[in-house]
Amino acid sequence: MVTGLSFGQNENFSLISKSTSTLSKGTINLGVKEILINGTSIKLSTFKGFYLNKALVNLSNYDFKYSENILSFNNNNNYKIYSIKSQLYVETPKYKGILNNMDIKLIQDDVQFKVLLVLLGELTAIESVKVTFDSMSKSAGGGSCSFWNTVYSVGIGLSSNAAWADYNYSQADDINSGNLTGCVSLGSPEHSQIGVVHYVTKAWCCR
């Protein structure tokens with residue numbers, strides 16, 4: 001858990017309650033430009049995808065739900081994240097228990113759960129570190145590759161070490177799958193944290 005982050009007595013852990021285009025830079029790098037909330041339904045408006053476990057993932061293809069302080073998919077109740085006494089818990093087809101106690105191996109091959117973690121990270125990130133898609137895209141001019149052609153391969157975890165392990169686990173598959181053929185590496189992979197979720201991302205220029 002992030003030090004000093006309190007989810008409150010009502011167990012509502014989401015810091016976002018309405019549609020917003022103010023997002024973490026890392027979430028925008030994954031292709032998201034807006035979170036759309038309609039009642040308990042959550043959709044992500046995107047402008048591109050990112051590479052995860054050999055596949056190009058576009059988060060607009062997923063329908064999320066935040067109902068009764070439980071984060072899940074609209075069409076799949078096999079995955080749930082919720083808070084009890086300020087402690088996050090998770091339910092997946094292979095694990096039920098405290099989120100931070102979940103074995104890395106149970107996360108590495110589960111794309112559905114990783115996608116849910118992406119939204120969890122944004123919902124638990126403080127607004128002071130966020131920007132808008134428009135401001136970020138306008139400030140990204142110059143450099144060796146345009147903002148629109150920069151694609152990321154991603155490792156996701158619940159700690160820095162877990163995110164690096166996931167990145168190292170999946171990076172070879174991302175390259176060997178042929179998805180990055182013709183793309184040019186843009187520097188070394190980098191670690192970041194969004195809310196309670198850790199990432200290791202590597203940028204590629206894919207024109």
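The C-alpha atoms of the chain define a longest principal axis, and helix 111-123 lies at about 80 degrees to it. Please compare each pair in LYS18/LYS94; LYS18/LYS54; LYS25/LYS105 to a cut-off of 29 Å on the Cα-Cα distance and tell me which ones are over it. In this structure, LYS18/LYS94; LYS18/LYS54 lie more than 29 Å apart at Cα. Rounded to the nearest 20 debye, the dipole size of region 113-182 about its Cα centre is 120 debye, using +1 on the Cβ of Lys and Arg and -1 on the Cβ of Asp and Glu. Cysteines in the chain all have a partner Cβ under the 4.7 Å cut-off, so none lacks one. Between LEU36 and THR181, the FRET efficiency estimated from the beta carbon spacing at R0 = 30 angstrom works out to 0.35. Computed from backbone phi with θ = phi - 60° and the Karplus coefficients 6.51, -1.76 and 1.60, the 3J(HN,Hα) list for region 164-169 is 5, 5, 5, 4, 5, 5 Hz; x is used for glycine and proline. Computed about its Cα centre, the charge dipole of the chain is approximately 240 debye, with only Lys, Arg, Asp and Glu carrying charge at their Cβ.
Taking every DSSP beta bridge that has both ends in the chain, the antiparallel portion is near 100%. Per-residue Karplus couplings for region 20-37, computed as 6.51 cos²θ - 1.76 cosθ + 1.60 with θ equal to phi - 60°, are listed in order as 8, 10, 8, 9, 5, 4, x, 5, 5, 4, 7, x, 8, 10, 6, 9, 10, 10 Hz, Gly and Pro entered as x. Taken along the Cα-to-beta-carbon direction at a fixed 7 Å, the label points for ALA55 and ILE98 span 3.1 nm. Residues whose amide H falls under 5 Å from that of LYS65, counting only those 5 or more places apart or on a different chain, are ILE42, SER72, PHE73, ASN74, with hydrogens built in the peptide plane.
For region 80-207, what is the per residue volume of the convex hull drawn over the alpha-carbon atoms, in cubic angstrom? Provide the component values of the computation, followed by the final result.
Details: hull volume 15.2 nm³, N = 128.
Spread over its residues, the Cα hull of region 80-207 gives 119 Å³ apiece.
Computed on the chain, with alpha-carbon pairs under 8 angstrom and 6+ residues apart, the relative contact order is 21 percent.
Within the shell of other residues whose beta carbon sits under 13 angstrom from the beta carbon of GLY97, the net charge comes to +1, with Lys and Arg scored +1 and Asp and Glu -1.
Apply 1/(1 + (r/R0)^6) to the Cβ-Cβ distance of SER146 and LYS85, taking R0 = 41 Å, and write down the FRET efficiency to the nearest 0.05. It comes to 0.30. With the helix formula -39500 (n - 2.57) applied to DSSP H stretches of n ≥ 4, the chain reaches a computed 222 nm mean residue ellipticity of -6500 deg cm²/dmol. Once the Cα-Cα distance is subtracted from the 0.36 nm per residue extended length, the ASN12 to SER67 segment shows a gain of 18.8 nm. Taking the average, over residues, of other Cβ atoms within 10 Å as the packing measure, peptides 180-192, 100-112, 18-30 rank 18-30, 100-112, 180-192 from highest down. Average projection, convex hull of the Cα set of region 115-180: 6.1 square nanometres.
For LEU106 and ASN75, the difference between the fully extended length at 0.36 nm per residue and the C-alpha to C-alpha distance is 9.0 nm.
Throughout, read-outs are computed from the coordinates displayed, never taken from laboratory work. Just so you know, these numbers come straight off a predicted model, no measurement behind them. Quick reminder, even Gly has a Cβ in these numbers, built from the backbone with ideal geometry, and neighbours come from all protein chains shown.
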